[in-house]
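The values are calculated or read from the model by the stated rules, or taken from the named source; none is laboratory data. These numbers come from a predicted model, not from an experiment. Glycine also receives a Cβ, built like all others from the backbone with ideal geometry; neighbour counts cover every protein chain displayed. Areas reflect the complete protein model, heavy atoms only, side chains present, ligands, DNA and RNA absent. Shrake-Rupley method; radii C 1.70, N 1.55, O 1.52, S 1.80 Å.
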2 protein chains.
Amino acid sequence: MYRTHTCGELGLSEVGQTITLSGWIQRRRDFGSLSFIDLRDRYGITQLAFNEGVDAQVLTEARLINRESVIQIEGVVVEREKKNKVLETGEIEIRVTSIKTLSSAKTPPFTIEENTDGGDDLRMKYRYLDLRRKSVREKLLLRNKISMSVRTYLNSNGFADIETPYLIKSTPEGARDFVVPSRVNRGQFYALPQSPQTFKQLLMIGGLDKYYQIVRCFRDEDLRADRQPEFTQIDCEMSFIDQEDILNVFEGLLRHVIREVHSKEIGSIPKMTYKTAMKKYGNDKPDIRFNMTFVELNEEVKDSDFPVFKNAELVVGINAKGCSNYSRKELDVLTSFVKQPQLGMSGLVWMKVDETGIPNSSVNKFFNEEELKKWMTIFNAEKGDLVLVLAGEKAKTQKALSELRMYLAESLGLRNPMEFAPLWVVDFPLLERDEDNNRWVAMHHPFTSPKTEDLKIIDSDPGAVRANAYDLVLNGNEIGGGSIRIHEKKLQSKMFDLLGFTESEANEQFGFLMNAFEYGAPPHGGIAFGFDRLVAIMGGDEVIRDYIAFPKNNSARDVMIEAPSEISTDQLETLSINVIPED
Amino acid sequence: MYRTHTCGELGLSEVGQTITLSGWIQRRRDFGSLSFIDLRDRYGITQLAFNEGVDAQVLTEARLINRESVIQIEGVVVEREKKNKVLETGEIEIRVTSIKTLSSAKTPPFTIEENTDGGDDLRMKYRYLDLRRKSVREKLLLRNKISMSVRTYLNSNGFADIETPYLIKSTPEGARDFVVPSRVNRGQFYALPQSPQTFKQLLMIGGLDKYYQIVRCFRDEDLRADRQPEFTQIDCEMSFIDQEDILNVFEGLLRHVIREVHSKEIGSIPKMTYKTAMKKYGNDKPDIRFNMTFVELNEEVKDSDFPVFKNAELVVGINAKGCSNYSRKELDVLTSFVKQPQLGMSGLVWMKVDETGIPNSSVNKFFNEEELKKWMTIFNAEKGDLVLVLAGEKAKTQKALSELRMYLAESLGLRNPMEFAPLWVVDFPLLERDEDNNRWVAMHHPFTSPKTEDLKIIDSDPGAVRANAYDLVLNGNEIGGGSIRIHEKKLQSKMFDLLGFTESEANEQFGFLMNAFEYGAPPHGGIAFGFDRLVAIMGGDEVIRDYIAFPKNNSARDVMIEAPSEISTDQLETLSINVIPED
C-alpha cells in the first residue's frame, strides 16, 4: 500500500495517527538540524518535518533526494506550532519516521511552481511536468467537473449520449477535412468529422428524439492563435421542437453548469436579434457585461462641413463614461488602436464633456458648441464623459468601433471574468456573400432552415432571408450555435441550389440525408457548444490552450511526442499512397 | 408546440384530457367506419382511434397517410374497451380531432417492426430506418445508460475524465495504424490512436492520479466478423496503487453497472491464474457459468496401445454431464466440429456411461472396462454422462477442446445471457513467442511490468516471466485488460531490448515516455474495457455491431454514407500525396 491518505486531507483530527503518504517533493527547506519537505500530489501539499534530534538517519536520507522525485514516507501527524492559514493541511505536519524513494528525478527543465520560469515552448515539450502545476491541473479538473455537470443535466432531461463515427466521408463544403487513406479500399479516403451534423440529424430521423455527445471534431484550417486542429464540441439535437424549446433547454444547461461550478445564479437569458447586435454593438457576439452601446450620428452630421463625416456610410460612436480626463497621450493610443492595419480606420474623433458640462472636441472647427450639445443629448453624455466617434464604410467601421469598445472596457476593468452575462443572438441571416468567389455561402450551415415568413423572398433577395438560427454568447464569446434544421427534401435541394451545388454534387455528398427526408423526418433542431471555450470562460480565461490536456502548437504539432512525423515507405505502400516530392 | 406528451406516457389518469402527440405511423388498421393508427416515438406507442361517426373528415385524412409518415394529432384521451396488457399505454386510446402530416413517407425498403424482413445489408444502408425498431433503439439507449453509470461510478471514486489527443504519432509496434496526412507539415503524418496508453501514463507522471475516458480507438486490421475499425474503450489509469487496488476498484465498477442496469448483485469476483485457466479451460477467458472443466489423461494412457494417445503431447477431455444419450449422429456432429480446419483435430474419442454405470467407448479396442472405470473416476463420470477426449499438440488441443466445451454448453443451454459470471484472470506471461518472426512480443503491451520475483530469469528464460497483468472476463469474453506499468527508464529500456527494438528505435518512438520517467514517475497501472463488447454482453448478446449507432461493414465501409470514397485531385495535391495506380 503506497498511502493511507492523500496529501490534501490531513488536519487536526488526525493528530497522533501514524500515516503513509506518497507524492512529489515540491520543495525542501534545510535549517541546521531541521529540514522540511512540501510533499505534493493531486489533492494538495503536506509538510513533512525532519529533525536530527528525532531521527538523524531519516534526515540525512531526505537531504539526498532531489526536488520532483517521488517518495513514500511513514510518519506521525503532529500539530504545527506555526500554522499556515493558506494551506488546507496547514495546521499539521508529519514527523517522518521512514522515507523511501519511489522514483528519483533529474533537475526539471523549469520550475514547477505557480510562477514558473518555463517559456511556452518548453512547457509544451514537457507538458507532463507543466501538468504538475496546481493552476494547470485545476484547469483540467474544472473541465472534468463541467463535462460531468453537462452530462448530468442532459441525461436527466432525456438526452441520450450516442456515439457517431469518426471515420466518415469527405465533403468539399465548408472547412478543409483531415482525411485518412483506406488500406482496404484502395485509392479511397475517410474524413475525420468537422462535426457530427448529418449523423445527429439521421438519429432524429431514426426516432432517437434527444441526442447529445461530447465529441472531438477536426478542421484542417490554417491555425490562428488559440485555434486547435482538434477541438471538442457538446453536440445536441432534439425532435418535435421549435426554436423556443431549444433556447429554454440550453438556457437551463448553462444555468445548471454555472450553478454547479460557481454557485452563481444567472437570470433569464436575454434575446437580441442579429440586426440589433450589429447596430448596437457592431458585432454578433456582444459582451453585455457593460453598456457603451453604439449611437449613430449620420442624421446629425449629414449637413456638416467635416468631409470625413459627410461622405461616410456610417458615423457611429460610443460614450466612455467618466473618461473625459483621458490625456492627449491616452487619446493618441486609442487613435493608433483604430488605425492599426487590421482595423484600418483613418482617425478617431473625440468629444470630452468637462466638469462644468461644456463639450470640447477634436472637431471643434466643424461643430460649434450647440451642435456638440446635441451630441451630448444623443449620447447621453454628462460631465466627465468621453465620446469617441468613427466614420467610414459600414462593416469596417462597426468592426473597428466594436474592437475599440472591447479594448476600452478591458482597460476600464469592465470585463470581470467571474461575472457571467449570457445572451441569445437570434434571427441570423441565412446566407452571407462570399465576394471572393461571387457566391452565397451558408452563414450557419447548409442544413439550417430559413424563416417561413421569409421564404417568399428567397429568390428575389436571398441575402435578406433570415434563418432559424441562434448563437449563445457569453461575455463576448460565441460559446454555442445552432438552428432549426430543414427536414424536407425539396427545401434542402433548394438550399443546395442557392449555395451553387449542382444536383449531382448535392446528391453525391448529401444524398443519404436527402433520401432519409423521404421516409418520415420529424421537425428537429439543435445546438453545438465549443467545449474548450466554454471551459476556458468558466475558468475566467479566454485562452483555450491551457484547458486542453495535450494541446498542439500553432503549427498543428504536438511538440511533446513529435507528431506529425514521417512514416515508413512500407506503411505508405500498404496504403497505396506516395508523398509528392517538393519541387 | 408539437406535443404535450410523448407516445409512451398516457394512461388512465389522463382520460378526458385534450392532448397533442407527434410521431411516426407504425401501422394502420382499417375496419369499415373505424380506423386505428399505432403512433410511435422513442418512448412508446399510443393507439389513435378514428371513427366515421365522430369525425368523418379526420378519418378520411388519416386513411390517406402512409406508414412511417410523421404526423401531429390533437385528440382526447379515452379509456379503451379492450385493454392491451402488453403495451404500456394499452389502457387508453386517443379519439383524434385533428391530424396533420409533418413529413410524409415513401414506402420503406423493409418492414420496421420487430420481425423485420430487411437483410443485414439493406438495414445497414438504411440504418436510420433500422434505428426506429424498438430492439435496435433500446440497444443504443442501453449503451447510454451504461456509459452514464460508468461515469457516475468513476467520478464518485475520484477519477477525472481527461481528453487525450486523436491526432498522435504513428508507431510501428503492434497493430497497423490509421494515418492522417498533415497539410501544414509536408510529407508527415499523424496516426489515430490505437489506445491512449502513453498519454494516460503521462497524465500519471503529471500527477493527475486517477484518469478515465470513454474514448474512440482505431485499428487498421483485417476485419474479422464483428470487429470494427473504430471501437470504444473505457480507459482508466491510477497512481500509487498495486494490482489488488485496481482489481478492487474495477470489481466495484462492474458491480455498480450490473446493479444499475439489471438490478442484479454479483458476488466477489474470483481470481484465476492464466496457468490454471489454460489448464482447466484451455483458454484465457473461460466461461465459468458452467463447469465441464478439462481433465488431463496423459498419465493414464501413457502405456496404452492406442497410437493417437500414446504419441500425443496432451490427452485431455471433458465430462458432458447427462449426455450419454447422444446418438451416433450427434457424436458425428461433434467429431466434425473438432475436425473443422480452424481446429484441425484428427478425431474425437468418446466414452458413455450407461444407466447401469457401465462405460462404453469409441476406443473399446484399446481400453478395457477396468481402464475405462478409472477414467470414470478421474472425470467424476456417473450414470448418463458422456466423456469427450481429444489428443494432439498441446496448444491446438487445448483450443479445440475449449471450443468444443463452448459449443456443447451453448447447445445444452448452459450459457444464460442474463447470468453474469465475471472472473479475473491474473499472472499472464509477460511475453509470447512470435514464431513467424522469431522474436518475443509483449503479451499485453510493452509498458507492462514483469513480476519482481521473476526478474531474475528475465534473461535466462524470458518466456517464463509473469507480468503484473490481468484480464476481466465476463461470460467467456474478455471485457477488460490491464497491467501495472513499468515506471523506470531502465526497466522500460530492458523491455524494449527484449522486444527487439534497437536503442534508437526505442528512443524515436517512445523517447518522450522514457524521458518522462526520469522526472519522478509514480508507480501506476490501469485497465481498459472494450465498451462495445461490455454493452453487448449487458444486453445479453455477443455481437457488438448492433450496439453501435452507425457501424461499418466487414470491408470497413459505411454503406449508408458511402465512406470511404475518392477525394479530389485538389485535395490530394494540397496534402502533397498521390494515390499509387494499381499495377
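Provide a whole-number value for the mean count of partner chain Cβ atoms within 10 Å of the Cβ atoms in peptide B:510-518.
Across the residues of B:510-518, the mean count of other-chain Cβ atoms within 10 Å is 4.
For a quick check: with amide H placed at 1.01 Å from N, whose amide H comes under 5 Å from residue B:272's, ignoring anything fewer than 5 positions away on the same chain?
Close amide H contacts, sequence-distant or interchain: B:424, B:425, B:426.
Rg to Rh for the protein assembly as shown: what is it, with Cα atoms only and Rh by Kirkwood?
With Rg and the Kirkwood Rh in hand, the quotient comes to 1.02.
Buried accessible area between B and A (1.4 Å probe, both chains summed, ligands and nucleic acids excluded), in Å² to the nearest 100?
Its buried surface, counting both partners, is about 10800 Å².
Measuring label to label, 7 Å along Cα→Cβ, what does residue B:29 give against each other copy in nm, shortest first?
When each copy's label point is compared with this one, the spacings are 8.4 nm.
Could you report the accessible area of residue A:240 in Å², rounded to 10, computed with a 1.4 Å probe on the protein chains as they sit in the structure?
Approximately 10 Å² of residue A:240 is accessible to the 1.4 Å probe.
Kindly flag which residue pairs out of B:210/B:456; A:210/B:85; A:310/A:394; B:285/B:310; B:200/B:489; A:106/B:169 have an alpha-carbon separation exceeding 23 Å in this structure.
Check vs 23 Å cut-off fails for B:210/B:456; A:210/B:85; B:285/B:310; A:106/B:169.
Can you list, bin by bin at 10 Å, the percent of alpha carbon pairs in the stretch B:90-239, starting at 0?
9, 22, 26, 22, 14, 6, 1
Treating the stretch B:458-577 as a set of equal point scatterers at the Cα positions, no solvent, please give the Debye-formula log₁₀ I(q)/I(0) at q = 0.14, 0.17 Å⁻¹.
The Debye formula, applied to the Cα set alone, gives -0.95, -0.98.
Helix hunt in chain A: which complete DSSP H runs extend at least 30 Å axially by C-alpha with mean Kyte-Doolittle at least -1.0?
Within chain A the helices that satisfy the rule are A:134-156.
As a test of the formula, what do you get for chain B when each DSSP H run with n ≥ 4 contributes -39,500 (n - 2.57) and the sum is divided by the residue count, at 222 nm and rounded to the nearest 500 deg cm²/dmol?
-8500 deg cm²/dmol
Have a look at the stretch A:535-583 and give its Rg and Dmax from the Cα atoms, expressed in angstrom.
17.2, 49
Return the Cα extents of the stretch B:233-389 along principal axes one, two and three, sorted largest first, each rounded to a whole Å.
61, 33, 31
Out of every Cα pair in the stretch B:326-471, what percent are spaced more than 25 Å from each other?
I get 51 percent for the Cα pairs in the stretch B:326-471 exceeding 25 Å.
Semi-axes of the equivalent ellipsoid of the stretch B:358-433: what are they in whole Å, largest first, if each equals the square root of 5 times a C-alpha gyration tensor eigenvalue?
Those come to 29, 20, 12 Å.
Could you report the stretch A:290-411's accessible area per residue, 1.4 Å probe, as an integer in Å²?
Value for the stretch A:290-411: 51 Å² per residue.
Using only the alpha carbon atoms of the stretch B:167-218, find the Kirkwood hydrodynamic radius as the inverse mean reciprocal pair distance, in angstroms to one decimal.
After inverting the pairwise mean of 1/r, the radius is 12.4 Å.
Please list the non-local residues whose amide H lies under 5 Å from the amide H of residue B:66, H modeled 1.01 Å from N, same-chain partners needing a gap of 5 or more.
Amide H to amide H, under 5 Å and 5 or more residues apart or across chains, residue B:66 pairs with B:105.
At 10 °C and a viscosity of 1.306 mPa s, what translational diffusion coefficient does Stokes-Einstein give for the stretch A:345-402, taking Rh as the Kirkwood radius over Cα pairs? Give it in µm²/s as a whole number.
So the translational diffusion coefficient is about 133 µm²/s.
Taking N as the number of residues in the stretch B:265-333, what value does Rg over Cα atoms divided by 2.2 N^0.38 Å take?
1.43
Just checking the output field for A:570-580: average partner chain Cβ neighbours within 10 Å of each residue's Cβ?
Other-chain Cβ atoms within 10 Å of each residue's Cβ, averaged: 6.
Quick one: Debye curve from the C-alpha atoms of the stretch A:12-103, no solvent, what's log10 I(q)/I(0) at q = 0.14, 0.17, 0.18 Å⁻¹?
Debye curve over Cα of the stretch A:12-103, log10 I(q)/I(0) at q = 0.14, 0.17, 0.18 Å⁻¹: -0.43, -0.65, -0.73.
Ignoring ligands, DNA and RNA, what accessible area per residue does the stretch B:12-103 give at 1.4 Å, in Å²?
It amounts to 49 Å² per residue over the stretch B:12-103.
Can you work out the base-10 log of I(q)/I(0) for chain B at q = 0.06, 0.12 1/Å, using the Debye formula on its C-alpha atoms alone?
-0.46, -1.25
Could you work out the mean count of beta carbons from other protein chains within 10 Å of each residue's beta carbon in A:216-223?
3
As a test of understanding, state the convex hull volume per residue of the stretch A:448-520 from its alpha carbons, in Å³.
Output value, Cα hull per residue: 122 Å³.
Rounded to whole Å and sorted largest first, what semi-axes of the equivalent ellipsoid does the C-alpha gyration tensor of the stretch B:1-41 yield via the square root of 5 times each eigenvalue?
The three semi-axes for the stretch B:1-41 are 20, 14, 9 Å.
Three principal axis extents, largest first, for the C-alpha atoms of the stretch B:503-544, in Å?
Between the extreme Cα coordinates on each principal axis of the stretch B:503-544 lie 46, 25, 11 Å.
If you put a point 7 Å past Cα along the Cβ direction, how far is that point for residue A:172 from the same point in each other copy, in nm, smallest first?
Ordered by increasing distance: 3.9 nm.
Between the label point of residue A:369 and that of the same position in each other copy, find the distances and list them shortest first in nm, with every label point placed 7 Å from Cα along the Cα-to-C-beta direction.
13.6
Are there GluC sites (Glu not before Pro) in the stretch B:354-458 that DSSP puts in a loop and that have at most 14 other Cβ atoms within 10 Å, and which ones?
B:355, B:382, B:393, B:419, B:435
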